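Novice: Sharing a structure here in structure tokens format.
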Amino acid sequence: MDFALTDEQIAHRKEFFRVCSELENQKPASFVGFESIFEDDECWQFHRYCAKEYAKKGWLSLAWPAEYGGTGTMMDRVMFGEARGYHSAPGLDPFGVQMLAPTLLAAANEEVKKRFLPPIANAEIFWCELWSEPNAGSDLAALTCTAIKKGNEYILNGQKTWNSGAHKADWAFGVFKSDPNGRKHHNLTFLLFDMKTPGITIRPIPYMNGATIYNEVYLDDVHVPAENIVGQENGGWAVVNTLAGFERSALDEIMAMLRGLETLVEFCNQTKRNGQPLSRDPLVRNRLAQLACELEAARTLAYRIADLQNRGEMALMDASALKVFASEFGERFAFTATDILGPYGQVKHSKWAPLNGLWENMYHECFVFTISMGTNEIQRNIIAWYGLGLPRMK
Ligand SMILES: Cc1cc2nc3c(=O)[nH]c(=O)nc-3n(C[C@H](O)[C@H](O)[C@H](O)COP(=O)(O)OP(=O)(O)OC[C@H]3O[C@@H](n4cnc5c(N)ncnc54)[C@H](O)[C@@H]3O)c2cc1C
């Protein structure tokens, strides 16, 4: 692997970092991490503002085909992710830009592409994902929410759960049982709909740190135009798999951790315990060095995935391996940082909170990534079956 950039790529990278650095300087005081956008109205408005800034530059449609307004390359997309991650700059709707747009390009009919891609590229519509249900998560195809076709509409009924940011989203993409008597995996349909459609009730699921990011969504006779279908009727499982394959390269999160490490090292340089800077303590130094090594390993893994994606060679287990390593490293990182910060590291929204409560927030949020987008146990199954060729348990 050679990760050297061309002169043109270096110039693009500089521009991504310049813009994201400027946006970082405009962040509201209440912004302590990407999740803040779902909790605080000012942060949500800032998220939309940043999105508009990116849209003006064509950065929300990087590497799309030119006929749909695409600009730039896959490498631009990777470098843009690095810049956003390093500067903790919001503005990229993960559901719309990272998941739905490439899925529409791969699986939607021409009319759906023409209708829904421009509002994503122009930061006009923000999306949420309505997949999981109380009894269907890892085994998603066991879902029971129905979409029954009547005339030129589907009528949705049932309950979805764990829907991140659904209370803020304009539109949703979801998967529903369209043939109640059909065979598992062959009875699902993938639909797009406006979250303001009558019959939708959203209830928050309070997170353990009091944050309101996740939701339950109830659907009672929700009428969705049949033309909002992606893929074929009862062919939704293929669309689900396509979308699930557009997992993040995780580079933005890894760059955010790099910045977090720099901040932590700075804290250790400036904070004295027992009369000397924390950074002189051999135990602290050792732990920081361990984090730095693991971070470098995660970064190299993420570049490798980006390179494989770029060449269209990414296998199912490659992204799973990165997801497991990066999410579990995120936990180790948050635990270590909170430990080093000491008792005040557990404080948020207070003048006593070191680094504006950043690590308190990370400590609570780091568990999310081991569960969402498919749990790490499921990722390990994928690695075992598809990567290592191990036999499945009967
Ligand atoms: C914070 C958060 C945000 C989320 N955001 C969204 C969202 O925006 N939209 C959305 O639709 N969903 C979302 N989800 C749902 C998420 O995708 C599911 O929680 C996840 O897929 C696991 O499903 P489950 O919760 O039903 O757990 P289960 O599937 O019931 O799993 C329970 C446990 O059993 C293990 N397990 C299950 N099957 C196997 C197996 N075959 N082999 C080994 N172990 C197994 C799991 O790994 C897990 O540890 C979110 C979840 C969380 C926690």
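Novice: Report, to two decimal places, the Cα Rg of region 7-92 normalised by 2.2 N^0.38 Å (N = number of residues).
Specialist: 1.10
Novice: Distance from the Cα centre of region 78-122 to that of region 186-221, in angstrom?
Specialist: For region 78-122 versus region 186-221, the Cα centre distance is 21 Å.
Novice: OK, next. Normalised radius of gyration for region 187-289, please: alpha carbon Rg relative to 2.2 N^0.38 Å, two decimal places. Before the final figure, lay out each step's value.
Specialist: Numbers: Rg = 24.0 Å, N = 103, 2.2 N^0.38 = 12.8 Å.
Cα-based Rg divided by the globular estimate yields 1.87.
Novice: If you don't mind, there's one more thing I want to ask. Test of understanding: ordering 149, 177 by Cβ neighbours within 10 Å, fewest first, what list do you get? Mind showing how you got there, number by number?
Specialist: Values: 149 15, 177 24.
Going from least to most buried by this count: 149, 177.
Novice: Another one. How long, wide and thick is region 255-335, going by the Cα atoms along their three principal axes, in whole angstroms, largest first?
Specialist: Dimensions of region 255-335 along the principal axes of its Cα atoms: 55, 18, 15 Å.
Novice: What ranking of 21, 88 emerges when the number of other C-beta atoms within 10 Å of each C-beta is taken as an exposure proxy, fewest first? Present the calculation step by step, with values, prior to reporting the outcome.
Specialist: Details: 21 13, 88 21.
Neighbour counts put them in this order, fewest first: 21, 88.
Novice: Could you work out the percent of alpha carbon pairs in region 326-370 separated by over 13 Å, rounded to a whole number?
Specialist: On the way: 463 of 990 pairs.
Pairs farther apart than 13 Å: 47 percent.
Novice: Additional query: Once the convex hull of the alpha carbons of region 271-394 is built, what does its volume come to per residue, in cubic angstrom?
Specialist: Numbers: hull volume 17.8 nm³, N = 124.
Roughly 143 Å³ of hull volume per residue.
Novice: Around residue 272, with a cut-off of 12 angstrom between Cβ atoms, what is the net charge of the other residues, counting Lys and Arg +1 and Asp and Glu -1? Kindly include the intermediate steps, with their values, before the conclusion.
Specialist: Details: positive: 273, 280; negative: 281.
Result for the local shell: +1.
Novice: Find how much the distance from residue 56 to residue 203 grows on full extension, using 0.36 nm per residue of separation minus their present alpha carbon separation; answer in nm with one decimal.
Specialist: Details: separation 147, 0.36 × 147 = 52.92 nm, distance 3.41 nm.
Computed gain between residue 56 and residue 203 is 49.5 nm.
Novice: Just add up the charged neighbours of residue 165: K/R +1, D/E -1, any other residue whose Cβ is under 11 Å from the Cβ of residue 165.
Specialist: On the way: positive: 168; negative: 35, 39, 93, 129, 170.
So the environment of residue 165 carries a net charge of -4.
Novice: Let me ask something else about it. Mind pulling the angle between the C-alpha long axis of helix 316-341 and the longest principal axis of the chain? Nearest 10 degrees, somewhere in 0 to 90.
Specialist: Approximately 40 degrees, to the nearest 10.
Novice: Going by a ≥ b ≥ c, the root eigenvalues of the Cα gyration tensor, does region 102-230 fall in the rounded group (a/c under 1.5), the prolate group (a/b larger than b/c) or the oblate group? Each step should come with its number before you reach the end.
Specialist: Details: a/c = 1.59, a/b = 1.10, b/c = 1.45.
In terms of gyration-tensor shape, oblate.
Novice: Per residue of region 28-34, what does 6.51 cos²θ - 1.76 cosθ + 1.60 with θ = phi - 60° give for ³J(HN,Hα)? Whole Hz please, x for Gly and Pro, Karplus curve as stated.
Specialist: x, 4, 7, 7, 10, x, 3
Novice: Obtain the nm distance between the two label points defined at residue 7 and residue 124 by a simple spin-label model: each point lies 7 Å from its Cα along the Cα-to-C-beta direction.
Specialist: 4.0 nm
Novice: Turning to a different aspect of this structure: Pairs 57/351; 56/351; 150/184: which are spaced more than 29 Å apart, C-alpha to C-alpha?
Specialist: 57/351; 56/351
Novice: Once both axes come from the Cα atoms, what is the angle between helix 41-56 and the longest principal axis of the chain, in degrees from 0 to 90, rounded to 10?
Specialist: That helix lies at roughly 80 degrees to the long axis.
Novice: What's the exposure ranking of 362, 373, going from fewest to most Cβ atoms within 10 Å? Could the numbers behind the result be given before it?
Specialist: Working: 362 22, 373 19.
Placing the least packed residue first, the sequence is 373, 362.
Novice: Then there's this: Rounded to two decimals, what is the ratio between the C-alpha radius of gyration of the chain and 2.2 N^0.38 Å? Display every interim value, and only then the final one.
Specialist: Numbers: Rg = 21.7 Å, N = 394, 2.2 N^0.38 = 21.3 Å.
So the Cα radius of gyration is 1.02 times the expected 2.2 N^0.38 Å.
Novice: Express in whole angstrom the spacing between the alpha-carbon centres of region 340-361 and region 254-316.
Specialist: If we compute the Cα centre of each part, the gap is 19 Å.
Novice: Continuing with the same structure: If each of residue 286 and residue 153 carries a label point 7 Å out from its Cα toward its Cβ, how far apart are those two points in nm?
Specialist: 6.7 nm
Novice: Just how many % of Cα pairs in region 139-195 lie over 20 Å apart, if you round to the nearest whole percent? Mind showing how you got there, number by number?
Specialist: Numbers: 392 of 1596 pairs.
The proportion of pairs with Cα distances above 20 Å equals 25 percent.
Novice: Just list whichever of 52/323; 14/114; 168/196 have alpha carbons separated by over 22 Å in the model shown.
Specialist: Details: 52/323 29 Å; 14/114 32 Å; 168/196 11 Å.
Flagged as over cut-off: 52/323; 14/114.
Novice: Run the helix sum for the chain: -39,500 (n - 2.57) per DSSP H stretch of 4+ residues, divided by residue count, reported at 222 nm to the nearest 500 deg cm²/dmol. Please list the in-between numbers first.
Specialist: On the way: 13 runs with 174 residues, N = 394.
Helix contribution divided over all residues of the chain: -14000 deg cm²/dmol.
A short reminder: the numbers here are calculations on the coordinates, not readings from a lab. Not measured: the values here are computed from a predicted model. Note: ideal-geometry Cβ built from the backbone for every residue, glycine included; neighbour counts use all protein chains shown.
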